[in-house]
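In what follows, a structure is listed as structure tokens, so that the remarks can point back to it.
The values are calculated or read from the model by the stated rules, or taken from the named source; none is laboratory data. On a predicted model such as this, the values are computed, not experimentally measured, just so you know. Positions of Cβ are backbone-derived with ideal geometry, glycine not excepted, and every protein chain shown enters the neighbour counts. Calculation scope for accessible area: heavy atoms of the full protein, side chains included, ligands and nucleic acids excluded. Shrake-Rupley method; radii C 1.70, N 1.55, O 1.52, S 1.80 Å.
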Amino acid sequence: MLAITAAVLFFIAFLINAAGIATNDVLSSTNFMLIGLAALALHVAGIGHGWAARGRGRRR
């Protein structure tokens, strides 16, 4: 789920940068990219996985 969030944030950052939209410092494309990178790092670290990642179906 966090990877999808990161992809959406990267897309928003791309649109802001490509369109040349003048935004304030809080909503700049750089901030969207940094938040996207943080979400991607959390995803790679294993945080935010769904139920399947918790070991369902591992009966022996």
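Side notes on the structure shown:
- Per-region count, segment 1-33, residues surrounded by 12 or more Cβ atoms within 10 Å (Cβ to Cβ) and of a type in the set (Ser, Thr, Tyr): 3
- Condition check for Gly36: open to solvent by less than 60 Å² (accessible area, probe 1.4 Å), at pLDDT 75 or above and on the phi > 0 side of the Ramachandran plot: no
- Residue that is most open to solvent (accessible area, probe 1.4 Å) [pool: residues in segment 39-53 that are under 12 Å from the mean Cα position of the chain (by Cα) and at pLDDT 85 or above]: Val44
- Residue within segment 15-24 that is on the phi > 0 side of the Ramachandran plot and modelled with pLDDT under 85 present: yes
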